[in-house]
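Written below as structure tokens is the structure these notes are about.
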Amino acid sequence: MDDQRIAELQAKVAVATEALRKAEERATAGQLALEMAHEIRNPLEALGHLAYLASEDANDPEKVRDYMRLAEEQMTLLRHLANQILGFAKASSSTVPMDLVAVAEGALRIHRRALQSKKIRLVKDLPAQLVAPVYRGEMLQALSNLLGNAIDSLKEEGTIYIRLRKHKDEVHLIVADTGHGIRAEHLTRIFEPFFTTKGEQGTGLGLALTKKIVDHHEGTIRVRSSVHPLRSGTTCKVCIPA
């Protein structure tokens, strides 16, 4: 096969990979919206109850004021949830300042049911806030991919660690698990598109797209793993400019 043909095929693969990345980004935002919809139900129900109570006690101004104060708290929560959904869903052609702690919490929401069904122990080491310039939606997708891989590697009652820190002019994000690990001969290929060790259950796109996102942020991603029965597990470290 001549060089021109190889270059054409590489270009087609790049276009297809980018299309898949955008499709996965939309799917990730949609998954987050579905999970957050469940959280929206509670404040909506609370608002309904408060409106009923205010109507019932309309002749008691003090009680009505208390109900309105509580209603305002629920409205604030709803606005916060709505802003998060909109913030993750909008595409951006340039970086925008975002709270990466909120991004991490959003990724955890996406996988909440899987975490609960496997009874996974989650160890979070997150600051109160950490703002960095990122491409809206992409970092959520990358972190969701890393968490999804960690969950897939675990049996019931395993452990996942997630840590976020600012170090000099970089943000360091670590996702680690106590799963089965990745064999040494596979570590060199994990970022190749369509390479997977999950058989028919995997697409081989998760880590490839995650690396593409990290590269887009001019960052780095490193993976360490062990398959030793007594200390198996995988650690992924993402570093991006802050």
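The values are calculated or read from the model by the stated rules, or taken from the named source; none is laboratory data. Just so you know, these numbers come straight off a predicted model, no measurement behind them. Cβ placement follows ideal geometry from the backbone for every residue including glycine, while neighbour counts extend to all protein chains displayed.
Taking the criterion of being closer than 18 Å to Lys211 by Cβ, at pLDDT 90 or above and not in a helix (DSSP H, G or I), the only residue of the stretch 121-159 that qualifies is Val134. If you go through the stretch 171-198 and keep only what is surrounded by fewer than 16 Cβ atoms within 10 Å (Cβ to Cβ) and acidic (Asp, Glu), you end up with Glu185, Glu192. Taken over the stretch 213-230, the residue count meeting the criterion of being among the charged types (D, E, K, R) and in a loop (DSSP other than H, G, I, E, B) is 1. Give the residue that is nearest to Lys166 (Cα to Cα), with candidates limited to residues of the stretch 99-120 that are modelled with pLDDT of 90 or more and outside any helix (DSSP H, G or I). Among residues in the stretch 99-120 that are modelled with pLDDT of 90 or more and outside any helix (DSSP H, G or I), the one nearest to Lys166 (Cα to Cα) is Asp99. If a residue has to be under 25 Å from Thr95 (Cβ atoms) and either among the hydroxyl-bearing types (Ser, Thr, Tyr) or out of contact with any Cys (no Cβ under 6 Å at 6 or more places or on another chain) (or both) to count, how many in the stretch 150-186 make the cut? So the answer is 11.
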